[in-house]
1. Yes or no: residue 97 surrounded by 11 or more Cβ atoms within 10 Å (Cβ to Cβ) and either farther than 28 Å from residue 191 by Cβ or at pLDDT 95 or above (or both)?
2. Could you list, in sequence order, all residues of the range 89-127 that are part of a strand (DSSP E or B), hydroxyl-bearing (Ser, Thr, Tyr) and under 17 Å from the mean Cα position of the chain (by Cα)?
3. Do you know which residues across the range 162-182 are at pLDDT 95 or above, out of contact with any helix residue (DSSP H, G or I) (no Cβ under 6 Å at 6 or more places or on another chain) and either farther than 17 Å from residue 110 by Cβ or surrounded by fewer than 19 Cβ atoms within 10 Å (Cβ to Cβ) (or both)?
4. Can you name every residue in the range 59-88 that is among the acidic types (Asp, Glu) and either part of a helix (DSSP H, G or I) or under 17 Å from residue 125 (Cβ atoms) (or both)?
5. For the range 35-51: of the residues being farther than 14 Å from residue 146 by Cβ and among the hydrophobic types (A, V, I, L, M, F, W, C), which is surrounded by the fewest Cβ atoms within 10 Å (Cβ to Cβ)?
6. Within the range 128-157, can you find the residues that are surrounded by fewer than 17 Cβ atoms within 10 Å (Cβ to Cβ), modelled with pLDDT of 95 or more and either touching a helix residue (DSSP H, G or I) at 6+ places or on another chain (Cβ under 6 Å) or assigned to a strand (DSSP E or B) (or both)?
7. Listed residues 91, 54, 60; which is surrounded by 16 or more Cβ atoms within 10 Å (Cβ to Cβ) and under 18 Å from residue 189 (Cα atoms)?
8. Among the residues of the range 120-162, how many are closer than 18 Å to residue 32 by Cα and touching a Ser or Thr at 6+ places or on another chain (Cβ under 6 Å)?
Amino acid sequence: MKKLSVLMLFVGVAAFSFGQKIVNTSGDAKVAFLKGQKAINIEYDYSEMGVGKYKTEESYLEEKAAERNKKEAGSGDKWRDSWVGSRDRVYHPKFEELFNKGMAAKGISGARGMEGAEYTLIVKTTFTEPGFNIGVTKKAASINVEYIFVETANRDNVLAKFVQNGVPGAQAMGMDFDTSTRISESYAKAGKMLAGYLAKQLK
């Protein structure tokens with residue numbers, strides 16, 4: 001029984017790790033176009049994102065905001081503003097911090113509004129699982145992301161696309177009671193893993 005439990009744990013960990021794998025779906029998997037570059041412009045896209053059991057982010061926001069407003073007038077509106085505001089406040093900085101740390105050895109840095117960058121990386125989130133942590137039970141957050149590299153001056157020129165599903169988000173010691181804290185760790189891990197992939201290709 002013990003051997004079976006260990007085997008099931010191994011299989012679960014292997015499946016979890018595979019789910020986070022960065023997969024090239026089109027274009028240059030070796031990202032040769034980034035060789036010699038010093039800067040990458042980064043943009044974020046949430047336009048086609050599902051959330052949890054909801055097919056669209058808007059349906060999720062409408063229902064959850066209404067539930068909160070029903071309990072306390074105005075609280076749902078504040079929650080909605082916080083949900084969207086967390087992107088610029090937490091998610092994007094987290095992604096860029098870990099991305100730049102991983103790309104430092106290659107002399108490449110990325111940021112929003114990077115003027116003069118020949119290429120732009122569009123980080124398109126297609127799904128978010130907010131997760132929860134109520135102490136006695138919890139569910140980790142996760143995101144599905146598509147990474148799209150385009151020529152900054154000609155967005156129709158798509159050089160490469162990659163997907164990464166099930167990027168987990170959780171804070172050490174289990175103190176991730178806040179939704180934005182959980183999700184921000186998904187973006188931190190995504191930035192770190194993408195940088196690791198790109199750096200390996202640019203050897």
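1. Numbers: surrounded by 11 or more Cβ atoms within 10 Å (Cβ to Cβ): yes; either farther than 28 Å from residue 191 by Cβ or at pLDDT 95 or above (or both): yes.
Considered against the rule, which asks whether it is surrounded by 11 or more Cβ atoms within 10 Å (Cβ to Cβ) and either farther than 28 Å from residue 191 by Cβ or at pLDDT 95 or above (or both), residue 97 comes out as yes.
2. If the condition is that a residue be part of a strand (DSSP E or B), hydroxyl-bearing (Ser, Thr, Tyr) and under 17 Å from the mean Cα position of the chain (by Cα), then 120, 125, 126 are the ones that fit.
3. 163
4. Going through the range 59-88, the residues among the acidic types (Asp, Glu) turn out to be 62-63, 67, 72, 77, 81, 88.
If the condition is that a residue be among the acidic types (Asp, Glu) and either part of a helix (DSSP H, G or I) or under 17 Å from residue 125 (Cβ atoms) (or both), then 62, 63, 67, 77, 81, 88 are the ones that fit.
5. Only one residue tops the list, namely 39.
6. If the condition is that a residue be surrounded by fewer than 17 Cβ atoms within 10 Å (Cβ to Cβ), modelled with pLDDT of 95 or more and either touching a helix residue (DSSP H, G or I) at 6+ places or on another chain (Cβ under 6 Å) or assigned to a strand (DSSP E or B) (or both), then 151, 154, 155, 156, 157 are the ones that fit.
7. Unique residue meeting the criteria: 91.
8. The number of residues fulfilling the criteria is 4.
The values are calculated or read from the model by the stated rules, or taken from the named source; none is laboratory data. Just so it is clear, the model here is predicted, and its values are computed rather than measured. All Cβ positions, even for glycine, are placed from backbone atoms using ideal geometry, and neighbour counts span all protein chains on display.
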